[in-house]
Structure formats: C-alpha cells, structure tokens
Amino acid sequence: MAKTNNTTNRVNFTAERVRTFKCAEGKKESFLWDSGCTGLGIRAYSSGKKTYTFRAAINGKTKRAVIGPVDAFDIDEARAKAREFQSSAKDYISPAKLKREKAAKELAEEQEELRGTIKLKQVWLEYIDANKSRWGEKHYNDHLKSIQEPNQPWARGKGRLTKAGCLYPLIETKLKDLTSKKIERWLQKENETRAGVAAQTYRLLFACLNWCSEQDKYSGLIDVAKLKTKDVKKTVVKLSARTDSLQKEQLPAFFKYVRQIQNPVISAFVQTLLLTGARRNELVGLKWTELDLQWNSMTIRDKATSSGSDSGYRVIPLTPYVASLLVNLPRRNEWVFSTPSGVSGKLTDPRKSVEPALIAAGIEGLTLHGLRRSFSNLSEWVEIPTGVVAQIMGHKPSATAEKHYKQRPLDLLRKWHTTLEAWILEQAGVAMPNISEQRLTLIKGAL
C-alpha cells in the first residue's frame, strides 16, 4: 500500500485504497492522487472526513475544486467529474468558476420550475401571514377582501352573495404568467366599476411582490421593475383627496336625522365619530373597559395597533354628551358599539343605515371619515389650538416642540374638547342631557 502521509504520492485508485486512506497522524489533512485520472485526488482530514478533490494549473497558478464526499461518488463518477474540470482547465476556466456557473444554472432551472408552479394566491397568503401581526385590523381585512371569492353567502345578510374581490381575477395566475400587460388589462377592467378600489389593490399587490422578491425562497422569481412599467402606472387612477366635511349650518339637519336612526348603536356611533374626531376603525374597537366614567376619559387604540396590540394608544376626554350616548348603549359583550349579529360581535359597516339619514338631511356624499375631517374643521370656530386638536385626533406631531415637549394633560384637553362639543350642540339646537340621570342598559349574560 502506498504511504498515505506523502501529499504528492500517486496511486491507481481502487475501492480498497479509497476506503483505507486516512489523514497522516499529527497532520490536519493529507492528499492522495489518482494515477488513472490527472488532477483527481482524495483529501483526508484529521476529523476522519474525506472528499474527492480536483486540481489543475491555470495561468501558472494551482486551482482546486471540491467534487464531493467519497461516500457520495464511486471512483468512475469521481473520474468523470474530474475530466469535466480538465476540459474547462484547458480553456483556462478554473474548476471553482465552472462549479459556480453550474450551480447558478441549476438555481435558475429550479427558479424557473417554481415560476411554473407557484401561483400568486400562495405568495399572497404567505405575505399576509408573515405581516398580519404588525398590521391594523382594517389593513389586514383589506388584503383578505381583495381575494374574496364571488357568490358566497354574505356574513352580514341572509340571501346576499359576495362580490369577487378586486384581485380575484389574478389570484390563480402562475408567477411565470404574471406580466405587465396582464396587470395593465386587469387594472383597465377593474377601473370600469371600482377605480378607487383598484388603485388601492394595485398598491397592495406591489407591496406583496416587493416582499416576495426579498424572500430567499422566492428570490429571483419576480422582477418587480419589469412588472411596474410606465403603461401600468398610467393605468392606475389618481385619486383626489376627499374634501367632504360638515358645514356649521348643516349641523341641525345632521343631528336631527342621525338621532332618528332606529339602531341606537349606529346613531351613537356616528355622533361620537363627529364629536371625538376618532377614526372609524379606532371607535369600532372601543371596549367597555376603555371607558372611565369616574374620571371621564376614554382610551383609543391608534390605527396601527387597533388589531389588538397593547402599545400605541391615546387617552382623550369623555365629554358630557358623548358619555350620555354611550352609557345608554346595551352591554351585549366587550364592545361598546356591539351588534347581536356577526362573528366579531362588534359593529362592522354601518354605512347602509347612515346614508338614508344623510340623504334626508340634504348632505348626501358625506363619508364617515368626513366626520373626522369635520371635527378638525369645526374646531377652528372656537379657536382651539391645533396641537390640542391633533392630540385628541391622534395625529402625529409635526413640529419638534410638539414631538418632545407638548404632551398636554387630560384636564387641559377636556377644557377645549368640552368647549367644542358644547358649541356644536348649540349650533345643532341639541339640548345637553343630564348625565347623572343616565344609566347603563344591562343585557342578561353581558360581560
């Protein structure tokens, strides 16, 4: 048997010689070279590991490449691999470069195979699952609603069927078939009936595709730049900012007809939106435990944390009229604005009940978010400091002083907030009820 501690010895490889070759004692590694195939060798480590290796002189420098573990190749396979490297070496291509090129080619083939099987729906659902913990409830539901199947029983109405989500026409598309032209045609079709929703869904789609391109699993499968062409971007309808807001002279009609809404929860909800300036989804998520009738305050979860996080909230005054509305609402469950129907137990979409009242009041077109805008605009009639309005509404402070030094106490907010509420009610001709005479309406089995 050849001496195995000589790193330059050459022998004809046999199964027995390969099996018995070991690293020389006292050394970290030893080599044994094959006389039957130039450049093929075995590298044995002191740990007992052994691999087939290849070496060649290219441009006067010795280059090496690992073929693989000796247990994974028989001698003929190792020699065949070595000959591939020999052929490349003659063209001055190093074994390592050849190996990298082959690995890149194999990766490209694997990615192309994935592109041919992976559908947008799989990526979309994985994207939602990976990000839902940091989204608000509305943003999360927007993603689910965008892929909603058509003609399914509607959760909030018997006999009604769902409409296909805006992204539903693309959801079964394979990634390899997702092209800029396909996205452009999808946008054109959706623009015919729901341009605003299509513009929003377009942004959700590309946020998902950008996330996808950053994942190791899907890296290289999607070229976002090629999908987001000028023609695609031109197809997205540019939405102008809403300007709907209640005028001072519209307040009497607004309160008259909103207070006549038969559902007391919806009636109270709409009035509270106007009188607190809160976002719709913030108010929908208000819990009874977040009302403090002793100190007249309410805790509002900000929009980014409305899905349930314990951070990101603001405490605002519970003004007299709003308190009188809320204390009379039924306590069916944990939600202040509750509903006896629906999976969540809380108010979902009250617009269908609100619109007839707004039409009767002659202010058709006013949105629920327009009530939040109205709170801000009406506050100027009583000259409330803008910083106070921003803090009550939950707007991020813009100036350095507001960010770092002006966090006003609740009693100072209450001074201005109750002033605004009293002025609005005065303009509307609504008498302030006596809060001491109110009581909580308890329903059997309430939390």
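Some notes on this structure:
- Linear extension gain, THR367 paired with ASP216, 0.36 nm per residue minus alpha-carbon span: 50.1 nm
- Residue-wise HN-Hα coupling along the range 384-392, computed from phi with Karplus coefficients 6.51, -1.76, 1.60 (Hz; x: Gly, Pro): 6, x, 4, x, 5, 4, 4, 5, 5
- Placing pseudo-labels 7 Å out from each Cα toward the beta carbon at LYS22 and THR62 gives an inter-label distance of 2.5 nm.
- Solvent-free Debye calculation, one equal scatterer per alpha-carbon of the range 120-235: log10 I(q)/I(0) at 0.18 Å⁻¹ equals -0.98.
- In terms of packing, defined here as the mean over residues of other Cβ atoms within 10 angstrom, the peptides 270-277, 13-20, 318-325, 419-426 line up highest first as 270-277, 318-325, 419-426, 13-20.
- Tail fraction, Cα-Cα pairs, the range 176-327, threshold 25 Å, whole percent: 55
- Linear extension gain, SER344 paired with LYS226, 0.36 nm per residue minus alpha-carbon span: 38.4 nm
- Sparsely packed GluC sites (Glu not before Pro) within the range 271-367, loop by DSSP, other Cβ within 10 Å at most 11: GLU364
- Overall form of the range 248-442 per C-alpha gyration tensor (a/c, 1.5; a/b vs b/c): rounded
- Label zone at GLN122 (point 7 Å along Cα-to-Cβ), backbone N below 18 Å, the range 197-241: 208-223
- Centroid-to-centroid separation of the range 327-344 and the range 22-42 [C-alpha atoms, Å]: 78
- Net length gained if the chain between ARG10 and ARG134 were fully extended (0.36 nm per residue, minus Cα distance): 38.4 nm
Each reported figure results from applying straightforward, stated rules to the coordinates on display, with no laboratory input. Everything numeric in this text was worked out from a predicted model, so none of it was measured. Cβ: placed from backbone, ideal geometry, glycine included. Neighbour counts: every protein chain shown.
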